[in-house]
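To keep things clear, I will list the structure first and then write my remarks on it.
The values are calculated or read from the model by the stated rules, or taken from the named source; none is laboratory data. Every value quoted in this text rests on a predicted model; they were computed, and no experiment measured them. For neighbour counting, all protein chains shown are included, and Cβ atoms are generated from backbone atoms with ideal geometry for every residue, glycine included. Areas reflect the complete protein model, heavy atoms only, side chains present, ligands, DNA and RNA absent. Shrake-Rupley method; radii C 1.70, N 1.55, O 1.52, S 1.80 Å.
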Amino acid sequence: WKTATLLWLLVVIGAAVGGHLAGTVSLSDSEQGSGQSALAQKMLNDHGFPNHASETVLVQNDGLRASDPRFRNELAVVVGRLRAMPQVTSLQSPLTRANAGQISKDDHSAVVTFNMKGSADSAQNRVQPILDAVSKLQRQSHGFTVAEFGDASGNRAMQSSINGGVAKAEELSLPITF
């Protein structure tokens with residue numbers, strides 16, 4: 001039984017090392033889809049319609065309306081900070097008349113939308129500076145909620161959760177194995 005256990009352990013270690021050395025291949029958006037959705041994504045990519053990772057920043061205050069000067073000032077601060085970030089492109093500000101639809105019907109919330117520069121497939125690896133900036137804006141904005149959500153930040157949170165779960169599973173399975 002000792003020889004069998006030792007051989008089994010060597011096979012497991014060899015498989016783990018081999019898998020690590022082989023690396024990981026990430027699929028593009030069109031490769032992750034199936035059937036018609038994969039075909040549509042491939043056609044969009046092939047004909048010059050890039051797939052951007054879009055993000056949205058919510059600015060909200062239950063006591064002020066979007067037309068209030070303090071609310072507009074908070075929006076201007078958020079828009080200015082985001083516009084200065086090198087990862088941001090195609091920013092849409094609710095302060096412009098053309099984007100009035102980005103203000104809620106109750107007039108207490110507004111969203112600032114933008115795309116991440118570069119490939120949508122790797123945007124989750126570049127979104128952290130923006131998340132940090134939005135978090136700092138939230139800490140500095142008294143009475144306002146400033147929060148970000150979107151493709152890149154959602155994928156980053158999901159990947160972090162998956163990695164945390166895998167790490168926890170490794171911690172738990174090792175003692176059980178022996």
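If you check residue 115 against the conditions, is it touching a residue at least 60 places away in the same chain (Cβ under 8 Å), assigned to a strand (DSSP E or B) and open to solvent by 30 Å² or more (accessible area, probe 1.4 Å)? Step through it out loud before you land on a result.
Values: touching a residue at least 60 places away in the same chain (Cβ under 8 Å): yes; assigned to a strand (DSSP E or B): yes; open to solvent by 30 Å² or more (accessible area, probe 1.4 Å): yes.
Considered against the rule, which asks whether it is touching a residue at least 60 places away in the same chain (Cβ under 8 Å), assigned to a strand (DSSP E or B) and open to solvent by 30 Å² or more (accessible area, probe 1.4 Å), residue 115 comes out as yes.
For residue 170, which of the numbered conditions (1) open to solvent by 60 Å² or more (accessible area, probe 1.4 Å); (2) at pLDDT below 90; (3) within 22 Å of the chain's Cα centre (by Cα) fails to hold?
(3)
Looking at this structure, is residue 124 of a type outside the set (A, V, I, L, M), in a helix (DSSP H, G or I) and surrounded by 14 or more Cβ atoms within 10 Å (Cβ to Cβ)?
Numbers: of a type outside the set (A, V, I, L, M): yes; in a helix (DSSP H, G or I): yes; surrounded by 14 or more Cβ atoms within 10 Å (Cβ to Cβ): yes.
So residue 124 fits the description; yes.
Taking segment 53-89, which residues are β-branched (Val, Ile, Thr) and buried (at least 22 other Cβ atoms within 10 Å of the Cβ)? Break it down stepwise before answering.
We begin by selecting, within segment 53-89, every residue β-branched (Val, Ile, Thr); these are 56-57, 59, 77-79, 88-89.
57, 59, 78 - these are the residues of segment 53-89 that are β-branched (Val, Ile, Thr) and buried (at least 22 other Cβ atoms within 10 Å of the Cβ).
Please work out if residue 139 is at pLDDT 80 or above, more than 18 Å from residue 52 (Cα to Cα) and open to solvent by 40 Å² or more (accessible area, probe 1.4 Å). Explain how you work it out, then say what you get.
Working: at pLDDT 80 or above: yes; more than 18 Å from residue 52 (Cα to Cα): yes; open to solvent by 40 Å² or more (accessible area, probe 1.4 Å): yes.
Yes: the conditions hold for residue 139.
Do we have any residue at all in segment 70-86 that's under 18 Å from the mean Cα position of the chain (by Cα) and not in a helix (DSSP H, G or I)?
The answer is yes; a qualifying residue exists.
Answer yes if at least one residue in segment 91-105 is in contact (Cβ under 8 Å) with a residue 24 or more places away in the chain, open to solvent by less than 50 Å² (accessible area, probe 1.4 Å) and under 16 Å from residue 149 (Cα atoms), and no otherwise.
no
For segment 93-110, check the following and say yes or no: at least one residue is touching a Pro at 6+ places or on another chain (Cβ under 6 Å) and of a type in the set (Gly, Ala, Ser).
Step one: of segment 93-110, the residues touching a Pro at 6+ places or on another chain (Cβ under 6 Å) are 102-103, 110.
From what's left, of a type in the set (Gly, Ala, Ser): 110.
Checked against the condition, which is being touching a Pro at 6+ places or on another chain (Cβ under 6 Å) and of a type in the set (Gly, Ala, Ser), segment 93-110 yields at least one hit.
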